[in-house]
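These notes are about the structure you will find just below.
The values are calculated or read from the model by the stated rules, or taken from the named source; none is laboratory data. Source: prediction; values computed, not measured. Please note: Cβ atoms are built from the backbone with ideal geometry, for glycine as well, and neighbour counts cover all protein chains shown.
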Amino acid sequence: MKAELAIVGTILCGLWLTAIGHTQEVPTEVKQAIAMSIKASNSPTADDKKGGFHEEGGMWGQASDGSLIIMVAKPGPASPTCNNGAHLAIGDSQDPSLAGKLVSISGEWHVHPRGVHDLGNGQEQVFAQPPSAVDIQEALAPVDIVIGARDNTVYFYNQSGVTSTKKLKEFLR
């Protein structure tokens, strides 16, 4: 029984360290960019008249001199009915000159929108907040993050699925 408890304790400690480790691997400047992406996803764009119906995101890594580079992507197209999901090309940077300076990728993030589409008769359609099957399949960076703008949850994931979650307020501290 003691051996089983020790194994369970080791597993739980490992999961806790994984969650803490993910947070520590995200530089403060990247957290600030993530906060701005959430605000941008919730705000109107040319084709998202209400806001909350498009993805925002980006990636971070290092330049050849070791400095941090944060590449914020162009906003994804609006999906006002939520039924086709939302999409974003993370590598399509708002500042294309940064792409040539990036020599290694440390992580990627994108925001799953908060929008709610009223279908009538008390029914609504919403965007999924956790990473989608496509997100998980395409998780190739050392740190992959989805932020649920509606549920205020930060999801860390890899090709095996969600590895940990954190409340947005705690993550941004």
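Numbers for the structure displayed
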read-out: Conditions (1) under 28 Å from T28 (Cβ atoms); (2) surrounded by fewer than 21 Cβ atoms within 10 Å (Cβ to Cβ); (3) over 12 Å from the mean Cα position of the chain (by Cα); (4) in contact (Cβ under 8 Å) with a residue 12 or more places away in the chain: number failed by E138; value: (4)
read-out: Selection within segment 113-135 - in contact (Cβ under 8 Å) with a residue 40 or more places away in the chain, under 20 Å from A35 (Cα atoms) and of a type outside the set (A, V, I, L, M, F, W, C); value: P113, R114, G115
read-out: Per-region count, segment 141-153, residues in contact (Cβ under 8 Å) with a residue 40 or more places away in the chain, in contact with a Ser or Thr (Cβ under 9 Å, 6 or more places away or on another chain) and assigned to a strand (DSSP E or B); value: 2
read-out: Strands (runs of 3 or more DSSP E) wholly inside segment 22-138 containing at least 2 residues that are touching a helix residue (DSSP H, G or I) at 6+ places or on another chain (Cβ under 9 Å); value: 57-63, 68-72, 102-112
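Yes or no, residue by residue, for (1) in contact with a Phe, Trp or Tyr (Cβ under 6 Å, 6 or more places away or on another chain); (2) loosely packed, with under 14 Cβ neighbours inside 10 Å; (3) at pLDDT 95 or above; (4) under 26 Å from S132 (Cβ atoms):
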{"site": "N42", "(1), (2), (3), (4)": "no, no, yes, yes"}
{"site": "E55", "(1), (2), (3), (4)": "no, no, yes, yes"}
{"site": "D65", "(1), (2), (3), (4)": "no, yes, yes, no"}
{"site": "V72", "(1), (2), (3), (4)": "no, no, yes, yes"}
{"site": "N84", "(1), (2), (3), (4)": "no, yes, no, yes"}
